[in-house]
Amino acid sequence: MTPNLTRRHFLGVTALQTAAALGFTRIGLSSAAAAEPPAAHYAPAIVVGSGYGSAVAALRLGQAGVRTVVLEMGRLWDGPGPDGKVFPATSAPDHRSMWFRTRTEAPLAQFLWLDVVNRDISPYPGVLDRVNHGDMSVYVGRGVGGGSLVNGGMAPTPRRSYFSEVLPRVDADEMYATFFPRARAMLGVNDIDPAWFESTEWYRFARVSRKHAHHTGLKTTFVPNVYDFDHMKREAAGTATRSALAGEVIYGNNHGKKSLDKTYLAAALGTGNVTIETMQRVVGVRPDPAGGYVVTVRTSDLSGKVTQVRELGCRQLFLGAGSLGTSEILLRARETGTLPALSERVGLNWGPNGNVMTARANHLWDTVGANQATMPALGIDDWDNAANPVFAEIAPLPMGFEHWISLYLAITRNPERGYFTYDAATDSARLRWSRSQNAPAVQAAKNLFDRINRRNVTIYRYDLFGENKPFADNFTYHPLGGCVLGEATDLYGRAKGYQGLYVVDGSLVPGSLGVNPFVTITALAERNMQRILAEDPR
Ligand code: FAE
């Protein structure tokens, strides 16, 4: 990072803090000094959403001198709540935990078949959303930073051979030499100290799973993360406030995690050309007869009441609302006729990255520890097994007491794909995905964990996922696709049929990556933005 960017980055961080302290919904360098005037009607570039793809777009546009407005439907997570913390503890969820719910909907909802995990809460623009589409529910982050606010921070780079299989027309040489390293550096990816990993009580759960995997003849691998492992070490030593070691993750981390508001978005604001507006939901897009686009934006207050509906014009429009959000915006625009020339491929080729969760019960002597770090650091890597490729993240289950459970999020190579349709009655996109489509993923996870159970004489847990199921096959953390690169867009994310309209997020990836996706989404956005800024008229 250049010294200049560091100073600018610092200015961006200050702007975010000031906006949070003063409760602004517009965040820019000038908002660090005073409330900004009401939103203008035009910006040269608009970026929708503030997750990975959007954050890259905002930074690179800002650096290129393009005045850019980022519109995010969630709030800024930077000011303390009633308990003095920004985010609530996972064990004590409150209104901040979930997006307009009366009860939390945690992925792991039961223990010993009892609904002891979820809590009644009051509706609020909380940080985690579970978007329910029948047989498939999709977890997403809401707020400035998108998924980076709630995710496990795991930052693997996909296997090159599989990346090339998934996106054969993307130059892998360039990705692996330039854009993956660039993304990792900007995101603050770091590795756990192996010596500390071996000795700390906080990763005992992972070492136990590793022992069982190795005993079965399987490989394990360390997985890099954007959680600052030095901070975590200090948490363990009692010299830093605990976050990953205090059970914080899916409802936000108060310390240690380099979420996008600390990295790309702070740097973007630091350019002085980028403004982020919160509680702004983009619902419509139409071409401006004078050139560019007009977006329809709904502003809400913290009770969810729509306080304003306005139109905002731009020359270039970058959609980074995530796989669900971007697919919905474009599908609605095509189906309602505001952007009729969009590709027929919009809404297609969606997948849950083969996600399946499962859990095993260990022997009494294999204690996993009451103390567990929330950031996964190890995975079982059986992706090279052509007959049954699986990459299984060894997931923590920090309940504060010994439970002898080994938990996993398996990423499988499920070839099934879903698609979105536009439902005029609700004016929303519906995901078409049936439970049977997850059968290949469940089978692949079962093949792997049956082997581990057989070899270690252990069994599955049936009490955690509802319906006595040992496999959770009805949700994903990794929605991918819907506006796939080279199908709904050209090879750089330019929407087919229109100029100056771009897709920058996880909807570009056709349903599967073989590893956790945010590094790839970031690197692809870096690649695409470099090309767009070099070639396209502004
Ligand atoms: P995303 O980060 O979802 O950002 C989209 C943003 O757009 C959000 O802030 C939305 O609120 C906003 N938005 C949506 N619709 C609109 C609209 N109409 N108007 C305005 N704003 C809108 O998109 N991935 C990993 O690589 N490693 C992990 O360890 C990991 N763990 C995860 C754990 C959990 C609990 C979850 C939910 C996800 C996890 N993921 C993980 C997935 C990762 O966070 C996800 O792939 C990325 O966040 C997707 O990035 P996008 O840029 O596509």
Q: Scan the stretch 276-304 for residues that are of a type in the set (S, T, N, Q) and either part of a loop (DSSP other than H, G, I, E, B) or closer than 20 Å to Tyr502 by Cα (or both) and jot them down.
A: Thr278, Gln280, Thr296, Ser303
Q.
So in the stretch 60-75, with the set limited to residues that are part of a loop (DSSP other than H, G, I, E, B) and surrounded by fewer than 23 Cβ atoms within 10 Å (Cβ to Cβ), which one is farthest from the ligand (Cβ to nearest atom)?
A. Gly65
Q: Read through the list (1) within 24 Å of the chain's Cα centre (by Cα); (2) within 30 Å of Pro88 (Cβ to Cβ); (3) not acidic (Asp, Glu), then give the number of the only condition that Val208 fails.
A: (1)
**Q.** Only listed residue being within 12 Å of the ligand (Cβ to nearest atom), closer than 30 Å to Gln499 by Cβ and crowded, with 24+ Cβ neighbours inside 10 Å, chosen from Gly325, Gly347, Gly379
**A.** Gly325
Q: Among the candidates Phe163, Phe229, Phe222, single out the residue that is surrounded by fewer than 17 Cβ atoms within 10 Å (Cβ to Cβ) and either at pLDDT 95 or above or farther than 27 Å from Ala370 by Cβ (or both).
A: Phe222
Q: With respect to Ala445, determine if the residue is in contact (Cβ under 8 Å) with a residue 24 or more places away in the chain and away from the ligand (no atom under 12 Å from the Cβ).
A: yes
Q. Of all the residues that make up the stretch 361-376, how many are touching a strand residue (DSSP E or B) at 6+ places or on another chain (Cβ under 8 Å), away from the ligand (no atom under 16 Å from the Cβ) and part of a loop (DSSP other than H, G, I, E, B)?
A. 2
**Q.** the stretch 463-490, subset on the phi > 0 side of the Ramachandran plot and under 22 Å from the mean Cα position of the chain (by Cα), residue surrounded by the most Cβ atoms within 10 Å (Cβ to Cβ)
**A.** Gly482
(Q) Just checking, does the stretch 108-119 include any residue being touching a residue at least 40 places away in the same chain (Cβ under 8 Å), under 25 Å from Thr326 (Cβ atoms), of a type outside the set (S, T, N, Q) and within 16 Å of the ligand (Cβ to nearest atom)? (A) no
Q: Answer yes or no: is there a residue in the stretch 467-479 that is more than 14 Å from the ligand (Cβ to nearest atom) and polar (S, T, N, Q).
A: yes
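Only one of Gly500, Gly493 is more than 20 Å from Tyr264 (Cβ to Cβ) and either away from the ligand (no atom under 14 Å from the Cβ) or crowded, with 22+ Cβ neighbours inside 10 Å (or both). Can you tell me which?
On inspection, the qualifying residue turns out to be Gly500.
The values are calculated or read from the model by the stated rules, or taken from the named source; none is laboratory data. Here the structure is a predicted model, which is why all the values come from computation and not from measurement. Positions of Cβ are backbone-derived with ideal geometry, glycine not excepted, and every protein chain shown enters the neighbour counts.
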